[in-house]
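Peer 1: Please find one structure pasted underneath; my questions will follow.
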Amino acid sequence: MVTVVQAKGEELERAFSTLGFLNSEAALHVEAGRTEWFFCRGLTEPLPRRLHAALIGEGIVRYEAADGTAILLGGCRSAWRALLARFPDEPGWTEIGERIAKSLGLPWSLRAVTRLAGEDWHWGERTYVMGILNVTPDSFSDGGKYLDLGAAVAHAEKMLAEGADFIDVGGESTRPGADPVPESEELRRVVPVVEAIVKRLSARVSVDTYKSAVAKAAVEAGAAVINDVTGLRGDPRMAEVAAELGVPIILQHIQGSPKNMQQDPRYVSVVPEVLQGLKDSADRALAAGVRPENIIVDPGFGFGKRLEHNLTLLARLAELRTLGYPVLSGTSRKSMVGAVLGLPVSERVEGTAATVALSVAGRADIVRVHDVGIMVRTVKVADATFRDQLVVRR
Ligand code: HH2
């Protein structure tokens with residue numbers, strides 16, 4: 001029978017020694033004090049790979065018995081809150097999750113995996129890479145390059161060959177100061193490209209739009225995800241349309257609109273304010289009938305933020321996990337990279353790689369990038385370090 005005990009003080013020291021760890025290691029943790037520990041014994045099955053990944057993804061430390069029958073799990077309250085909101089539905093483990101939630105007085109809900117383009121996406125196993133395809137004349141880094149259908153499809157094909165998990169197609173630049181594009185023009189730019197990429201390349205596609213009519217047409221043309229940079233604030237119909245379409249939706253934080261967002265962005269404290277904004281967007285989506293497993297959140301780097309706001313959000317990205325949704329990080333070639341390095345858009349690849357690695361360390365689930373091949377390699381190294389090496393085994 002599996003037993004789960006919340007371990008503190010001497011009990012925690014005993015747990016460490018049962019697992020064969022040194023007293024000094026235990027003493028360090030007992031003194032540190034802020035971690036909530038749970039000692040699970042009597043495990044008959046090996047820990048499923050997926051649960052391993054979820055624990056790591058949420059920043060839970062694990063000490064395991066060599067034979068796999070016992071495990072000591074430790075994490076701060078916010079890490080447990082994030083994990084319990086997304087605890088994988090694995091036989092035998094639901095009881096453990098429930099016991100831990102009860103001991104900590106935290107909400108307990110089993111969140112299903114996200115169904116994306118006909119596949120199950122198990123968040124936490126690895127970082128997914130979204131390749132950017134802007135079919136616009138004026139995007140800040142690739143404007144005008146892929147307006148032609150053939151060029152757009154060829155670029156998508158290249159990004160897929162380099163390892164992109166999906167392609168984000170956008171028909172309106174949201175760079176600072178950009179003017180909105182009429183709906184008819186955005187439809188004309190986006191729909192044929194989505195259709196061609198889905199049909200010819202069998203690719204998974206997200207549509208970067210805040211207009212519900214564009215989202216609907218793109219999903220009907222084969223897009224599998226909606227990417228709304230306004231977090232449902234740009235079009236009052238978007239929440240209902242997303243619920244009706246039943247596809248995942250990325251809710252991004254923005255202060256103001258693309259036209260005015262960089263004029264004078266202000267926060268008393270950027271992280272809690274972004275968290276609150278994202279929670280409001282997610283609650284609005286849920287109220288309209290969007291299923292919780294279809295919500296993905298994004299802090300919106302550069303969307304109504306000064307350099308110091310962007311850097312703080314990146315350094316504290318892991319705090320977004322407390323919302324209980326997968327997290328997307330979009331830093332690619334942005335001014336936050338350019339400002340630190342004093343370099344133009346064309347010379348921001350290495351700086352972007354640094355932000356991508358830091359995003360993985362901050363538990364991002366998806367990174368949105370222009371330079372797919374380089375960032376896939378960056379993600380692999382960061383994943384191997386942060387997702388796979390945090391388990392301690394005797
Ligand atoms: N950034 C841009 C556009 N869409 N979507 C999400 N979810 N997150 C982001 O950070 C994000 C986004 C801006 O980058 P880009 O598409 O390269 O430029 P432009 O808006 O000029 O087309």
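Peer 1: With a probe of 1.4 Å, find how much accessible area the chain has per residue, and write the answer as a whole number in Å².
Peer 2: Working: 16500 Å² over 394 residues.
Per-residue value: 42 Å².
Peer 1: Rounded to the nearest 10 degrees, what's the angle between the helix 23-32 long axis and the longest principal axis of the chain, both from Cα atoms, 0 to 90?
Peer 2: 60 degrees
Peer 1: Can you give the helix-only mean residue ellipticity at 222 nm for the chain, where every DSSP H stretch with n ≥ 4 adds -39500 (n - 2.57) and the sum goes over all residues, rounded to the nearest 500 deg cm²/dmol?
Peer 2: -12500 deg cm²/dmol
Peer 1: How large a share of the accessible area of segment 115-388, in percent, is made up of carbon and sulfur atoms when the probe is 1.4 Å and the other protein chains stay in place? Please report the intermediate quantities before stating the final value.
Peer 2: On the way: 5510 of 10410 Å².
For segment 115-388, the apolar C and S fraction of the accessible surface comes to 53 percent.
Peer 1: Further question on the same structure: What's the magnitude of the charge dipole for the chain around its Cα centre, counting Lys and Arg as +1 and Asp and Glu as -1 at the beta-carbon? Answer in Debye, nearest 20.
Peer 2: Numbers: 46 positive and 50 negative charges, 76 e Å.
In total the dipole reaches around 360 debye.
Peer 1: In the P(r) worked out for segment 247-339, what percent of Cα pairs fall beyond 17 Å? If you can, show how the numbers build up before the last one.
Peer 2: On the way: 2007 of 4278 pairs.
I get 47 percent for the Cα pairs in segment 247-339 exceeding 17 Å.
Peer 1: From the phi of every residue in segment 130-143, what ³J(HN,Hα) in whole Hz does the Karplus formula 6.51 cos²θ - 1.76 cosθ + 1.60 yield, where θ is phi - 60° and glycine or proline is x?
Peer 2: After applying 6.51 cos²θ - 1.76 cosθ + 1.60, I find 9, x, 8, 10, 9, 9, 9, x, 9, 5, 5, 10, 10, x Hz.
Peer 1: Please quote Rg/Rh for segment 156-297 to two decimal places, taking the Kirkwood radius as Rh and restricting both calculations to Cα atoms.
Peer 2: 0.98
Peer 1: For the chain, list log₁₀ I(q)/I(0) at each q in 0.09, 0.12 Å⁻¹, using the Debye formula over Cα point scatterers of equal strength and ignoring solvent, two decimals each.
Peer 2: -0.54, -0.92
Peer 1: Starting at the first residue of segment 248-265, write each ³J(HN,Hα) from the Karplus equation 6.51 cos²θ - 1.76 cosθ + 1.60 with θ = phi - 60°, in whole Hz, x for Gly and Pro.
Peer 2: x, 10, 8, 10, 9, 7, 8, 9, x, 10, x, 4, 10, 4, 9, 5, 7, x
Peer 1: Search the structure for amide H atoms under 5 Å from the amide H of residue 116, placed 1.01 Å from N in the peptide plane, and list their residues when 5 or more places away or on another chain.
Peer 2: 121
Peer 1: Gain in length, residue 220 to residue 10, computed as 0.36 nm per residue apart minus the alpha-carbon separation, to one decimal in nm?
Peer 2: Working: separation 210, 0.36 × 210 = 75.60 nm, distance 5.98 nm.
Going from the current span to full extension adds 69.6 nm.
Peer 1: Just subtract the alpha-carbon distance of residue 78 and residue 157 from 0.36 nm times their residue separation and send over the number in nm, one decimal. Please report the intermediate quantities before stating the final value.
Peer 2: Numbers: separation 79, 0.36 × 79 = 28.44 nm, distance 4.01 nm.
That works out to 24.4 nm of additional length.
Peer 1: Give the aspartates and glutamates whose C-alpha is closer than 14 Å to that of residue 305, dropping any in the same chain fewer than 8 places away, or say none.
Peer 2: Within reach: 264, 273.
Peer 1: Moving on. How much accessible area does residue 259 have with a 1.4 Å probe, in Å² rounded to the nearest 10?
Peer 2: Near enough 100 Å² of accessible area.
Peer 1: Across segment 360-367, in residue order, what do the Karplus-derived ³J(HN,Hα) couplings come to in whole Hz, using 6.51 cos²θ - 1.76 cosθ + 1.60 with θ = phi - 60° and x for Gly and Pro?
Peer 2: Rounded to whole hertz, the list is 5, 4, x, 6, 5, 9, 9, 10.
Peer 1: Scaled to the compact-protein estimate 2.2 N^0.38 Å, what is the alpha-carbon radius of gyration of segment 90-148, rounded to two decimal places? Write out the running numbers ahead of the final one.
Peer 2: Numbers: Rg = 20.5 Å, N = 59, 2.2 N^0.38 = 10.4 Å.
So the Cα radius of gyration is 1.98 times the expected 2.2 N^0.38 Å.
The values are calculated or read from the model by the stated rules, or taken from the named source; none is laboratory data. Everything numeric in this text was worked out from a predicted model, so none of it was measured. Methodologically, a virtual Cβ is constructed for each residue, glycine included, from the backbone with ideal geometry; neighbour enumeration extends over all protein chains shown. These accessible areas exclude ligands, DNA and RNA; they are computed on the full protein's heavy atoms, side chains included. Shrake-Rupley method; radii C 1.70, N 1.55, O 1.52, S 1.80 Å.
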